[in-house]
Amino acid sequence: MAVFFKDIGLKSVANRPSYQKITDEVNSAVLDSKIKNGICLVQTAHTTCSVYFDEYMHDTNYYGDDYLNVDLNNVLEKVIPRQTTENVPYLSPGPKHIAYGMKKTDPNYPAKEWTMLNTDGHLRSDFLGNSVTLGIKHGQLMTGSVGSIFFVDFDQTRERNRKVSIIVLGDK
């Protein structure tokens, strides 16, 4: 049994969810792994982000977002509205979490209270989850003819550099 690891970097945008189709990058990792039969785990450790499997719809909006991603976002907006100010419509983040976040030092993302108003991003990623696992058969990812793998960052407060990890496990 062999194991192969690969990370891919992604950049999110501010003021709207960042959807990115990452199927090609995952297929490339499966090829690089030389694993013929096994499984591929695609995951993110970011708590406002999700990885999920769905059909690619070809049509996109002006931002380049697939219409099905836009539809998903519109549904999630109805269930989990965007947080625009403290304690509305969510209790989180509370004063202890704000104090914790303000102590963090990251030169790329200076601490500001408003950057922590992303409870909606956390809840949306809770709904979709942070990973997808797909089979590999004869060296090919089992996505079917229209299946695609998507990454989304639901944190709309600012752009960020994000990472997705790909783990391929199986027989060569």
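Descriptive notes on the structure:
- Candidate set from the stretch 156-166 (those that are surrounded by 17 or more Cβ atoms within 10 Å (Cβ to Cβ) and at pLDDT below 95); member that is farthest from the chain's Cα centre (by Cα): Thr157
- Candidate set from the stretch 89-105 (those that are part of a helix (DSSP H, G or I) and either of a type in the set (Gly, Ala, Ser) or under 20 Å from the mean Cα position of the chain (by Cα) (or both)); member that is nearest to Leu123 (Cα to Cα): Gly101
- Scan of the stretch 69-88 for residues that are within 13 Å of Leu123 (Cα to Cα) and crowded, with 16+ Cβ neighbours inside 10 Å, ordered by number: Asn73, Leu76, Ile80, Arg82, Gln83
- Among the numbered conditions (1) in contact with a helix residue (DSSP H, G or I) (Cβ under 7 Å, 6 or more places away or on another chain); (2) at pLDDT 95 or above; (3) among the small types (Gly, Ala, Ser), the only one that Ala111 does not meet is (2).
- Residue match in the stretch 93-101 (condition: touching a His at 6+ places or on another chain (Cβ under 8 Å) and either surrounded by fewer than 17 Cβ atoms within 10 Å (Cβ to Cβ) or in contact (Cβ under 8 Å) with a residue 24 or more places away in the chain (or both)): no
- Scanning the stretch 62-88 for residues that are β-branched (Val, Ile, Thr) and assigned to a helix (DSSP H, G or I) yields Val70, Val75, Val79.
- Residue list for the stretch 116-154, restricted to those being charged (D, E, K, R) and under 15 Å from the mean Cα position of the chain (by Cα): Asp120, Arg124, Asp126, Asp153
- Restricting the stretch 46-61 to residues that are touching a residue at least 12 places away in the same chain (Cβ under 8 Å) and part of a strand (DSSP E or B), the residue that is surrounded by the fewest Cβ atoms within 10 Å (Cβ to Cβ) is Glu55.
- Counting only residues that are farther than 22 Å from Asn161 by Cα and either touching a helix residue (DSSP H, G or I) at 6+ places or on another chain (Cβ under 6 Å) or aliphatic (A, V, I, L, M) (or both), the stretch 71-92 holds 9 of them.
- Within the stretch 1-12, considering residues that are surrounded by 14 or more Cβ atoms within 10 Å (Cβ to Cβ) and not hydroxyl-bearing (Ser, Thr, Tyr), the one nearest to Asp65 (Cα to Cα): Leu10
- Looking across the stretch 62-85, the residues that are in contact (Cβ under 8 Å) with a residue 40 or more places away in the chain and either of a type outside the set (Val, Ile, Thr) or at positive phi (or both) come down to Tyr63, Asp65, Asp66, Asn69, Asn73, Leu76, Arg82.
The values are calculated or read from the model by the stated rules, or taken from the named source; none is laboratory data. This structure is a prediction, so every number in the text was calculated from the model and none was measured. In this analysis, Cβ positions are derived from the backbone assuming ideal geometry, glycine residues included, and neighbour counts consider all displayed protein chains.
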